[in-house]
């Protein structure tokens, strides 16, 4: 039967074919698009708003500000915790807060109108961190919150004082978990369509919980809840981001009410990153006590939670996290203190795990530290203290089942724990961490309840109606499996409509891992009621007792008699309107959580998870790679194994992101990494295949014995990785994410540059840098803010008037005029335009210039690469031999056919191949061109994301990287006022191949410029206005050099943190002769490490010490910022690695790329 | 055909001819109208998603000619070769799509159309290395997925390509 079996997920056909309609795909007649005006200030008073100019524009249908909305505070918790209005009323409290909104015929008109709304602000001092928000002398963010404390909870569970007195050892530590974002693939989006005649609000909304949206929109717009109707729509990911209403639903609804037309509001990706609620950052002071035998006695934790500017889930996240501290293991006592502090940043919210990942990171890291001090095995100490079935935890959770011990034992076996303990300190290591989580929490009004309905149709099909949503969790599939099981019909004879609030019993949606237990029970009850009616009806017809009737194969059967269940519909007394309609539900018997003490058994069952991971830490760069993950679960009976594995794999990879890269980074209250590119979340190549394993067993409280599963897979992951890294390196990282800079000194000794005192050329820069934290930054920041008002919030680039499509270089350069821009692949120019960094009035398309796509060997054996050759075409050509059979070489006829080339690719070409394979993504490589890659603008996150920095705003503006985040993508050598680098990997590679570029302009001879002379600053070149880079030439002798390219990135496809290219010749004795070494993303321009080259000449590739000395010789000239000195070490490591690989090519041990 | 080399955009608009999923269509574009908007708003081909607008996530992957490119960074006025979207490719990719459904290759489904198009291109390229997991993972570097952890899509692709 369907339960426990693998079934294809509900609507897979529509979701894999593009047919599924998400909110972003909904089109209504006359639909408008909305845009939001957002605060540019972290904290300011709103003195006045004038929207008259926006209202006057043709094509604008509605404009709303706070005065157009009822004076109702938004938020699900209600009462004193409701601290936010839909649009800011008198004050803005974070950059990106909603101030006004526009609905217009087109997005362009909406953007234009938003730009014309005049808001007069009076800036207030901002508190950007919990430290800044703490008294004395701190700005007050909300009048009601004394000292900016939104909530402070001090609790004791058990007897912590007595327990502490029994401890033989106490370990203490401070742990940090940084803010992270959900990164749903579908951004927050809504279509609102107000029907004035029916006085009814129709909503299509990307949510996990339609009920909360209806409730909130009704409240905020002073409608009755039954006037607000949600419709079924596919939902593109939630993870907690969409567990409650945001502000966008009410904004779209209010706009629609104002103009009487449908309105679509879809947040763009930057808004999604910068303005929606994220994972709360935690600073955790924790101590754990134990007896000498490893028995835990107590914990003491003090947590500061950065709430951001408003309460969303903050109060309950902070409280739930501290409860976890008391509950994962048996303890005698636990004292917890949680302080939730307002800051002038985007608010936090519910996010898969709900505070549990933060607390578990601290607890499970510390438990390893404790085991180390006691000399105990790290799994043994966990087994000793594990909760067992039948336990009641310190906060009153009654564990009807608890497979923690079995999970630990299974994880130990699967990862090969015992055999790998000897790896300690080798760079390879294993770690383990455990977690406990609820299966739904009875925490809100109506949350003890779930309900559903089924219709049985005369054709025997079963249609489920469920008011909750499925954001990808598999809820719909599960409901159908349960209905099929209870009613004895095929899975394919069931269907489900979700989210449709009309005529569907109320359900609170999918959050708190309640989907399986709450909704599963509810569906089993509903379908079970229908099954009883069918059995009774059949029994009456057969003349037998109902208990003897069995539902199977779509029929009711007894003693050889059978009837299709569809035929029973007409016979059942309960049927009406041609169907049998049955409603049912689940009312959990568990406690409501006691809001004052935190005590209570408020979830029906508690799931357990243990993860074991194996990591490999690179000695050259300190980069951590996870090579294996085993996630073992006690989630009771697994109802849908395929769905369960998917939930675990997704959660674990999200946890790996949190462990190794993900972090929302703010500077001056503004997010600096609001894009997939800048926010380091895992790609396919960054992670292993997760092994998910499920214990056998059932919990009597769950439907068919099931417990929750959706969140727990993420909870232990960061701790497990940190523990594995500590095992591999001996370094305990207590501050997530574990980026290579935090392991500095492990793989290689830190390299020290020559003292700045001895380098007069650096004195000026050193002085300026010294002054930055001593007031200079503040002064420059104020000037830059004041002088230009505000950085562009809205992409308001002027429209492009025309697109020229020249056919020759001459036509192209002749078409150029001031304000025009050459357009090659478009992968940088169009993005830069969106970021307000380019506003061409005319585009000159280079893709039609045939000669720019030439790609051929020169008569002398060099390589000629037309500037408009795509990176993918170059890659295909270089890897030879000749064009692939099914992929005709577009350059055939111009390019020399290499299929007959017996030598295959030359060593220098191979270096370019490996460089290209690691450059961006396959899709980008199909579009981006060689010329465009060389000429792309700098990638500094400040510059790209609206900071009015030195390079954007001029000399009175600061370089935000000096004091801001600069660990990865800023210069460690040669930086002056701007710390950005030239981002092109290709430039670094071509530099060691002595490549030249050809530049053309009208009425002049083309000029040849060596790649090394092309740059005069970070992503800035010697090109004159209108000059066109037409080709790159690699000389024949350089192609013959032994060459290799190495690159360190945060994730696969990212821009380089640093890169190294080497190209060398060996003389007849085997010593290094002519050699080139270049470093990328180290200096403003691609950097030739000439000191290293000098040392390498005459060196042998087998001379490890000599190579090592040479590789770090360049570093004496480095002048890193405060936190990027580690890049110097890593770059030395990359040079060595590249030398080894280049050398290996000489003896032919390198397989062909 | 695309826009002729000397065309002026009258009041910013021209009518451009495209071939989408084998059908010649005429659409109105400005010089900067993105292909993804033409597909979604003018042709109602909403299977192609626009999840980042910056070429970072791969949700808008379509084939132009035989190459998988990003419709959010492709200007419609420049497109000369035929365009194929998920709607056109899905009927030819049933084995892959079933494998995705069977092997945990999709959850919310929002990235799935772009993933299917990219995988279809990978398969059509028929290079030897697509049966190797490392190569497949590298091949999917441009398709961000937040739900599956990538194991499902990789397994689906291995299974489909392996045959």
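Just so you know, all these numbers are worked out from the coordinates, no wet-lab data involved. Note that this is a predicted model, so its numbers are computed, not measured. Here the Cβ is made from the backbone with ideal geometry for all residues, glycine too, and neighbour counts use every protein chain on show.
R0 = 56 Å: FRET efficiency of residue B:26 with residue A:1144, Cβ-based, nearest 0.05?
On the way: r = 56 Å, r/R0 = 1.01.
So the FRET efficiency works out to roughly 0.50.
Provide the FRET efficiency to the nearest 0.05 for the residue A:577-residue A:198 pair, computing r from the beta carbons and using R0 = 30 Å. If you can, show how the numbers build up before the last one.
Details: r = 22 Å, r/R0 = 0.74.
Plugging the Cβ-Cβ distance into 1/(1 + (r/R0)^6) gives 0.85.
Subtract the Cα-Cα distance of residue A:169 and residue A:817 from 0.36 nm times their separation in residues, and report this length gain in nm to one decimal. Kindly include the intermediate steps, with their values, before the conclusion.
Working: separation 648, 0.36 × 648 = 233.28 nm, distance 7.55 nm.
Length gained, residue A:169 through residue A:817: 225.7 nm.
For A:1058, A:1099, what ranking results if the residue with the fewest other Cβ atoms within 10 Å of its Cβ goes first?
Details: A:1058 30, A:1099 18.
Lowest count first: A:1099, A:1058.
Taking each residue in A:912-921, count the Cβ atoms of any other chain within 10 Å of its Cβ, then average. What number comes out? Write down the numbers at each step before the final one.
Details: counts 0, 0, 0, 0, 0, 3, 2, 0, 4, 15.
Averaged over the peptide's residues, the number is 2.
Once every DSSP H run of n ≥ 4 in chain A is given -39500 (n - 2.57) and the sum is divided by its residues, what mean residue ellipticity at 222 nm do you get, rounded to the nearest 500 deg cm²/dmol?
Working: 33 runs with 314 residues, N = 1153.
Dividing the helical sum by the residues of chain A leaves -8000 deg cm²/dmol.
Take the alpha carbon gyration tensor of the stretch A:1005-1153, find the square roots of its eigenvalues, order them as a ≥ b ≥ c, and report rounded if a/c is under 1.5; if not, report prolate when a/b exceeds b/c, else oblate. Please report the intermediate quantities before stating the final value.
Values: a/c = 1.76, a/b = 1.24, b/c = 1.42.
Cα axes put the stretch A:1005-1153 in the oblate bin.
Counting other beta carbons within 10 Å of each residue's own, what order do A:306, A:58, A:118, A:507 fall into, fewest first?
Details: A:306 24, A:58 7, A:118 12, A:507 28.
Ranked by crowding around the Cβ, least crowded first: A:58, A:118, A:306, A:507.
For chain B, what are Rg and Dmax over the alpha carbons, in angstrom?
Final numbers for Rg and Dmax: 16.4, 53 Å.
Roughly how tilted is helix A:776-787, in degrees to the nearest 10 and between 0 and 90, from the longest Cα axis of chain A?
80
Please label the shape of the stretch A:34-124 as rounded, prolate or oblate, based on the square roots a ≥ b ≥ c of the eigenvalues of the alpha-carbon gyration tensor (a/c under 1.5 means rounded; beyond that, a/b larger than b/c means prolate, else oblate).
Numbers: a/c = 2.23, a/b = 1.56, b/c = 1.43.
Taking the square roots of the gyration eigenvalues as a ≥ b ≥ c, the stretch A:34-124 is prolate.
Please give the contour-minus-distance gain from residue A:548 to residue A:457: 0.36 nm per residue of separation, less the Cα-Cα distance, rounded to one decimal in nm.
Working: separation 91, 0.36 × 91 = 32.76 nm, distance 2.33 nm.
Contour length minus Cα-Cα distance gives 30.4 nm.
Note the angle between two axes, namely the Cα long axis of helix A:907-917 and the longest principal axis of the Cα atoms of chain A, as a number of degrees from 0 to 90, rounded to the nearest 10.
Orientation of helix A:907-917: about 30 degrees from the principal axis.
Mind checking A:339-352 for the average number of partner chain beta-carbons within 10 Å of each residue's beta-carbon? Mind dumping the intermediate values first?
Working: counts 0, 0, 0, 0, 0, 0, 0, 0, 0, 0, 0, 0, 0, 0.
Taking all residues of A:339-352 together, the mean is 0.
Kirkwood Rh over Cα pairs of chain A into Stokes-Einstein at 4 °C, 1.567 mPa s: D in µm²/s?
Details: Rh = 32.2 Å.
Calculated translational D: 40 µm²/s.
For residue A:561 and residue A:53, calculate 0.36 nm times their separation in residues minus their Cα-Cα distance, and state this gained length in nm to one decimal. Working shown, then result.
On the way: separation 508, 0.36 × 508 = 182.88 nm, distance 7.71 nm.
Length gained between residue A:561 and residue A:53: 175.2 nm.
Please find the FRET efficiency linking residue A:28 to residue A:225, where r is the Cβ-Cβ separation and R0 is fixed at 22 Å, and quote it to the nearest 0.05. Show your work: numbers first, answer last.
Numbers: r = 22 Å, r/R0 = 1.02.
So, using R0 = 22 Å, E works out to roughly 0.50.
Taking just the alpha-carbon atoms of the stretch A:112-250, what radius of gyration and Dmax come out, in angstrom?
Spelled out, the Cα radius of gyration and Dmax of the stretch A:112-250 are 22.8, 74 Å.
7 Å from Cα along Cα→Cβ at both residue A:123 and residue A:1103: what's the point-to-point distance in nm?
About 5.7 nm, to one decimal.
Starting from the Cα gyration tensor of the stretch A:990-1084, take the square roots of the eigenvalues, sort them a ≥ b ≥ c, and report rounded, prolate or oblate (rounded when a/c is under 1.5, otherwise prolate if a/b is larger than b/c, else oblate). Numbers along the way, then the final one.
On the way: a/c = 2.72, a/b = 1.33, b/c = 2.04.
Oblate is the answer for the stretch A:990-1084, as a/c is 1.5 or above yet b/c matches or exceeds a/b.
How far apart, in nm, are two points set 7 Å out from the Cα along the Cα-to-Cβ line at residue A:619 and at residue A:766?
Result for the modelled spin labels: 3.4 nm.
If you count, for every residue in A:684-696, the Cβ atoms of partner chains within 10 Å of its Cβ, what is the mean? Present the calculation step by step, with values, prior to reporting the outcome.
Details: counts 19, 11, 3, 5, 5, 8, 5, 1, 3, 0, 0, 0, 0.
Taking all residues of A:684-696 together, the mean is 5.
May I ask you to sort A:176, A:465 by Cβ crowding, counting other Cβ atoms within 10 Å and putting the fewest first? Spell out each step's value before the answer.
Numbers: A:176 16, A:465 24.
Ordered by Cβ neighbours within 10 Å, fewest first: A:176, A:465.
Note the angle between two axes, namely the Cα long axis of helix B:112-125 and the longest principal axis of the Cα atoms of chain B, as a number of degrees from 0 to 90, rounded to the nearest 10.
Result, in degrees: 80.
At 222 nm, what value in deg cm²/dmol follows for chain B if DSSP H runs of at least 4 each add -39500 (n - 2.57) and the sum is divided by all its residues, to the nearest 500? Let's see the in-between values first.
On the way: 5 runs with 46 residues, N = 163.
Roughly -8000 deg cm²/dmol at 222 nm, from the helical runs in chain B.
Using a simple spin-label model with points 7 Å from Cα along the Cα→Cβ vector, what separation in nm is obtained for residue A:159 and residue A:858?
8.8
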